[in-house]
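See structure below.
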Amino acid sequence: MGQRTPYYDTHVEAGARMVDFGGWDMPVHYGSQVEEHHAVRNDAGMFDVSHMTVVDLEGERVRAFLSYLLANDVAKLKVQGKALYSCMLTEQGGVIDDLITYFMNESYFRMVVNASTRDKDLAWISRQATAFGVSVTQRAETAMLAVQGPNARTKVAGLLDERGRDTVLALKPFSAALVGSWFVARTGYTGEDGFEIVMPAGQAVEVWARLAEAGVRPCGLGARDTLRLEAGMNLYGTDMDETTTPLESGLAWTVAMQPVERDFIGRAALQAQLDTGVPRKLVGLVLEDRGVLRGHQRVLVEGVGEGEVTGGTFSPTLGASIAFARVPADTGAACQVDIRGKLLNARVVQPPFVRNGKACIEI
Amino acid sequence: MSDVPGDLKYSKDHEWVRLEEDGSVTVGVTDHAQAALGDMVFVELPEIGATLAEGDACAVVESVKAASDVYSPLNGEVTEGNQALADAPELVNQDPYGDGWIYRMKLDNEDDLGELMSAEEYLALLEDEA
């Protein structure tokens, strides 16, 4: 038996197919992964993401600490509640994890990191934090719920009193606010509008029930994966890890090389890679032939070399198979993918594939 | 609870087999298998004329979640694939024992059918696996 979130019984009662996910018993779907996917694109769905880790960082020098710890620059966080997506790197520039940091106040930042990387993340962060006198506290007593879809914000607002409603509906994208005992962020992993809510574990089940009553559909990890892939969002451990730099992972936009005075862990390695030329890149693929792209399939780029699909699926929104692939930097607009010994044609595209319910690429 | 029709034969890999009047057999995946795999999005059929031995991976059913091999439950030669699945792989979910059949084959030896499980035996296997 794996670790259980406060929603475990709720999932089982709702008929979820439970699977092991990084040591946690999590729902993969509640009947139909595809219907759950469409619910998020067209209406509202909710995901138990309590397995993710909330880490609070406190201390007078917390901003200086994060400036050194993260490849993106926390100097961008000027307004309270604002969020920043960043990679945390090794000295060699490899990705330890991708995470979101929230600016609470000048001596307090909150971080949400992946479940599968929790132990190594906490060890790494704590090790680096010592020199800055920053305390690192994991918030384990919380539940975390992602409510996503074009109608998600209205459904969540419906659970709150007038003041809470006004606060959450006024939130700008990639911003968060404290609402009573909740921490509500206008963030997500689906390419749709919505909230991610951190709440006391004791409230979890009731909030879920009220959202379900309001027509929010429970969605599992299966739909979460097809939604994030369509949205062009990387998955840690699949699309990047410690053996790849963010520059090779489609995440150059999250690395702040300016200002040059800012030292951060991994900076020298990234600079060296930029100086000599980044050898590989992460691209989107759309399969032109029938079939399904999957992780680890071989990619052949004529006259250039070979690469590999990092993660692929069938896109329920587009009705075609899509993927991320790591390919040589010189890869052009077309490639072939080896699927069970057959070479099928694929088109190279710039993700995202789908955002806010609409296709971003032609099929 | 999975649907397990009494008039079919079953393999331990969750395929079903129906003996047709002309002596050929139809093969598909069971209701239990389709439910476990989830929403089908692609089916790769065996080639007509292919010679299969029991246990050969001969077709692939892919759900949004994953690709899964279909293993030939018997020895024989493929005579037909269900072309309807090219445009409607979801038939495997909707009607696993009917329109969602996968392929037909001519058996090398009809007696081999006796090696497969009855519905009762297959139900017992499902209970064991649960």
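The values are calculated or read from the model by the stated rules, or taken from the named source; none is laboratory data. Source: prediction; values computed, not measured. In this analysis, Cβ positions are derived from the backbone assuming ideal geometry, glycine residues included, and neighbour counts consider all displayed protein chains. For the accessible areas, the whole protein counts, side chains as well, though only heavy atoms, and no ligand, DNA or RNA atoms are used. Shrake-Rupley method; radii C 1.70, N 1.55, O 1.52, S 1.80 Å.
Taking one equal scatterer on every alpha-carbon of region A:1-131, how large is log10 of I(q)/I(0) by Debye at q = 0.13, 0.17, 0.21 1/Å?
-0.68, -0.96, -1.14
Which of A:298, A:163, A:110 moves the most in a Gaussian network model of chain A with Cα springs under 10 Å?
A:163
Applying the Karplus parametrisation 6.51 cos²θ - 1.76 cosθ + 1.60 with θ = phi - 60° to the phi angles of region B:88-102, what ³J(HN,Hα) value in whole Hz is obtained for each residue in order, glycine and proline being reported as x?
Couplings: 9, x, 5, 4, 4, 6, 6, 8, x, 9, x, 5, x, 4, 10 Hz.
I'd like the projected area of region A:86-129, averaged over all directions, using the convex hull of its alpha carbons. Report it in nm² with one decimal.
Over every viewing direction, the Cα hull of region A:86-129 projects on average to 3.3 nm².
5 Å is the cut-off here: which amide hydrogens, built 1.01 Å from N in the peptide plane, fall below it relative to residue B:100, excluding neighbours closer than 5 in sequence?
Long-range HN contacts for residue B:100: B:95.
Please report the relative contact order for chain A, taking Cα pairs under 8 Å with a sequence separation of at least 6, and give it as a percent rounded to a whole number.
18 percent.
Place a +1 charge on the Cβ of each Lys and Arg in region B:10-67 and a -1 charge on the Cβ of each Asp and Glu, then give the dipole magnitude about the Cα centre in debye, rounded to the nearest 20.
The calculated dipole for region B:10-67 is roughly 240 debye.
Rg (Å, one decimal) plus Dmax (Å, integer) for the alpha carbons of chain A?
Looking at chain A, its Cα Rg and Dmax stand at 20.4, 62 Å.
Enter the Cα centre distance for the pair region B:1-50 and region A:1-37, rounded to the nearest angstrom.
Using only Cα atoms to place each centre, the spacing works out to 27 Å.
Work out from phi, with θ = phi - 60° and the Karplus expression 6.51 cos²θ - 1.76 cosθ + 1.60, the ³J(HN,Hα) of each residue of region A:299-312, listed in order in whole Hz, and give x for Gly and Pro.
Rounded to whole hertz, the list is 10, 10, 10, 4, x, 10, x, 10, x, 8, 5, 8, x, x.
GNM on chain A, C-alpha springs below 10 Å: top fluctuator among A:161, A:48, A:193?
A:161
Quick one: Debye curve from the C-alpha atoms of region A:22-75, no solvent, what's log10 I(q)/I(0) at q = 0.24 Å⁻¹?
With no solvent term, the Cα-only Debye profile gives -0.94.
Mind jotting down the distance between the C-alpha centroids of region B:84-125 and region A:281-333, whole Å?
33 Å
What is the dipole size for the protein assembly as shown, taken about its Cα centre, with +1 at each Lys and Arg Cβ and -1 at each Asp and Glu Cβ, in debye to the nearest 20?
3400 debye
Cα convex hull of region A:124-165: how many Å³ per residue?
149 Å³
So who's got an amide H within less than 5 Å of the one on residue A:354, skipping anything under 5 residues away but keeping other chains? H placed 1.01 Å off N, in plane.
Amide H neighbours of residue A:354: A:231, A:232, A:360.
Looking at the P(r) of region A:207-303, how many percent of alpha-carbon pairs lie beyond 23 Å?
48 percent
In whole Hz and in residue order, list the ³J(HN,Hα) couplings for region A:98-108 that follow from phi through the Karplus curve 6.51 cos²θ - 1.76 cosθ + 1.60, θ = phi - 60°; x for Gly and Pro.
Running phi through 6.51 cos²θ - 1.76 cosθ + 1.60 with θ = phi - 60° gives 10, 7, 10, 10, 10, 8, 8, 7, 4, 10, 8 Hz.
Suppose every K and R has +1 on its Cβ and every D and E has -1 on its Cβ; what is the size of the dipole of region A:188-319 about the Cα centre, in Debye to the nearest 20?
For region A:188-319, the charge dipole is close to 160 debye.
Along the charge dipole of the protein assembly as shown, which of A:316, A:10, A:69 sits closest to the positive end, that is, farthest toward it, with unit charges on the beta carbon of Lys, Arg, Asp and Glu (+1, +1, -1, -1)?
A:69
Among B:37, B:89, A:203, which residue has its Cα positioned farthest towards the positive end of the charge dipole of the protein assembly as shown, with +1 placed on the Cβ of Lys and Arg, -1 on the Cβ of Asp and Glu, and the dipole taken about the Cα centre?
With unit charges placed on the Cβ atoms, the residue in question is A:203.
For the protein assembly as shown, what is the accessible area per residue in Å², given a 1.4 Å probe and the full set of protein chains?
Here the residues of the protein assembly as shown average 42 Å² of exposed surface.
Check which residues have an amide H placed less than 5 Å from residue A:97's amide H, if you skip close sequence neighbours.
Counting only residues 5 or more places away or on other chains, the set is A:88.
State the Kirkwood hydrodynamic radius of region B:9-109 in Å, one decimal place, computed from all pairs of distinct Cα atoms.
13.1 Å
Where is the GNM fluctuation largest for chain B (alpha-carbon springs, 10 angstrom cutoff): B:33, B:59, B:84?
Of the options given, B:84 has the highest mean-square fluctuation.
Counting each DSSP H run of 4 or more residues in the protein assembly as shown as -39500 (n - 2.57), what helix-only mean residue ellipticity at 222 nm follows after dividing by all residues, to the nearest 500 deg cm²/dmol?
Dividing the helical sum by the residues of the protein assembly as shown leaves -6000 deg cm²/dmol.
Based on alpha-carbon atoms only, what is the radius of gyration of region A:163-239 relative to the globular estimate 2.2 N^0.38 Å?
1.21
Under the √(5λ) rule applied to the eigenvalues of the Cα gyration tensor, what semi-axes describe the equivalent ellipsoid of region A:279-363? Give them in Å, descending.
20, 14, 10
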